[in-house]
Structure formats: C-alpha cells, structure tokens
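The values are calculated or read from the model by the stated rules, or taken from the named source; none is laboratory data. Because the structure is predicted, anything quoted here is derived from the model rather than measured. We place every Cβ from the backbone using ideal geometry, glycine too, and count neighbours over all the protein chains shown. SASA here: full protein model, heavy atoms, side chains in, ligands and nucleic acids out. Shrake-Rupley method; radii C 1.70, N 1.55, O 1.52, S 1.80 Å.
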Amino acid sequence: MEDLDKVTAVEAVCFPPAEAADREAFRARIQCFPQCFFVAEIDKEIVGFINGAATDERTIRDEMFEDASLHSPQGCYQSIFGLDVVPKWQHQGIAGELMEHMIQDARKRGRKGLILTCKDRLIGFYERFGYRSLGVSASVHGGAVWYDMILEFAE
Ligand SMILES: CC(C)(COP(=O)(O)OP(=O)(O)OC[C@H]1O[C@@H](n2cnc3c(N)ncnc32)[C@H](O)[C@@H]1OP(=O)(O)O)[C@@H](O)C(=O)NCCC(=O)NCCS
C-alpha cells in the first residue's frame, strides 16, 4: 500500500486518461489482491508494475476492472489488468520480466493459465509469452477496441 501514489503516477504516464486506473481503483486492487500485484524497482524507484485479479472466467469483463472484489483467490486464471513501464525505462526487457514473473507465480499457484485484453498492436508482444488471441473482446474500456488473449498451461 505504501506504493499507491507511485503506481498511480506510473499509470498516468503510461495510459490515456480514459484508460488509466485511478488511485481509488489501485487502492481497492492492492487491498483485494496484494499477492497479484508486482512492481519493478531500479534504485528504489518504481519503474513499472503488473497486476490483475484471479477469476474462473476465460475472458476479462469490464466490471472486473472497476470492482476489485470480484477477485476469486482460487480462480483458474490469473488476469492482467495492466502492464506498465515508464517511457524512460522501456525497451529494456522490464515488461518481459514482469510478465514472466506473473506467469511463474500463476503456475506455482496451480492456475490453468492467464488472460488479458490488449490493443491489436500488442498482440505480437503477448504471443511471445505463449498467449493466443481469442478475437475481439466485448470490452468497451476507454472506448477502444481490445482483443482477448489467453495463455493456457500444458497439463
Ligand atoms: C507495452 C509496455 C509495457 C512494454 O514495456 P517494455 O519494458 O518496453 O517491454 P520489453 O522491453 O519487455 O519488450 C519490448 C519488446 O517487445 C517486442 N515487441 C513490442 N511490441 C511488439 C509487437 N507489437 N509485436 C511483437 N513484438 C513486440 C519487441 O521485441 C520489443 O523490443 P524493442 O523494445 O527493442 O522494440 C510499455 O511500452 C508500456 O508501458 N506501454 C504503455 C502501457 C501499455 O500499453 N501497456 C500494455 C497494455 S496493458
């Protein structure tokens, strides 16, 4: 919770206002699922983070972004609500490390896989980690077009 202001500030530089989660949304997320919220630090400064609720559903619904209490601790899928790296530190593999950490954590917790929504330009980025596209999402978050992505662990 001591990182609340810093993650809110990072989100504001990484996303347009219609898409950025605000301080209250982050407060609720950190309260509801601190174990699914990881930050990347360099010299004690937060330069990026990844977070998301767990759920039994195979796609993210917009209500999940707004209502952190929908988090289901034993959920089959770890969702990714956001992956952020501040511009100064982008292109150095930090988002990749955060994603790999979340994937390993989901595996350790015995989940079936991970889900996220992304814009078309990032589909290729997520495919590198083993995600595949399920097509256009029902999400109207921030008025944009999103794609549902899923990574399912082999049995
Ligand atoms: C997306 C984001 C998290 C990436 O962070 P990053 O730390 O720069 O990512 P990494 O360094 O781990 O990986 C970047 C590499 O992924 C690959 N990559 C990036 N976009 C890609 C794409 N569309 N298709 C295939 N590969 C892609 C490239 O190899 C890229 O290497 P490069 O930086 O040398 O061009 C960052 O740009 C960001 O915070 N953007 C704003 C917020 C956002 O859009 N978040 C994602 C949606 S939730």
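Each residue in region 53-71 was checked for being of a type outside the set (D, E, K, R), assigned to a helix (DSSP H, G or I) and in contact with a His (Cβ under 9 Å, 6 or more places away or on another chain), and 2 pass. With respect to (1) surrounded by 18 or more Cβ atoms within 10 Å (Cβ to Cβ); (2) free of Cβ contacts under 8 Å to residues at least 40 places away in the same chain; (3) of a type in the set (A, V, I, L, M, F, W, C); (4) more than 9 Å from the ligand (Cβ to nearest atom), the lone exception for CYS76 is condition (1). Only one of the numbered conditions (1) in contact with a Ser or Thr (Cβ under 9 Å, 6 or more places away or on another chain); (2) free of Cβ contacts under 8 Å to residues at least 24 places away in the same chain is violated by GLN92, and that is (1). Of all residues in region 111-136, those that are over 20 Å from PHE153 (Cβ atoms) have Cβ atoms under 8 Å from Cβ atoms of residues that are away from the ligand (no atom under 11 Å from the Cβ) and open to solvent by less than 30 Å² (accessible area, probe 1.4 Å), 6 or more apart or on another chain, in GLY135/ASP148; VAL136/ASP148. Apart from one condition, ILE30 fits all of (1) modelled with pLDDT of 95 or more; (2) assigned to a helix (DSSP H, G or I); (3) within 14 Å of the ligand (Cβ to nearest atom); (4) of a type in the set (A, V, I, L, M, F, W, C); the exception is (3).
Restrict the check to region 57-66 and report whether at least one residue is aromatic (Phe, Trp, Tyr) and modelled with pLDDT under 95. Yes; the residues of region 57-66 include at least one that is aromatic (Phe, Trp, Tyr) and modelled with pLDDT under 95.
For region 48-67, the set of residues classified as under 23 Å from GLN104 (Cα atoms) and among the charged types (D, E, K, R) consists of ASP56, GLU57, ARG58, listed by residue number. A single entry from HIS101, HIS91 fulfils the requirement of being within 15 Å of the ligand (Cβ to nearest atom), more than 16 Å from the chain's Cα centre (by Cα) and either outside any strand (DSSP E or B) or at pLDDT 95 or above (or both): HIS91.
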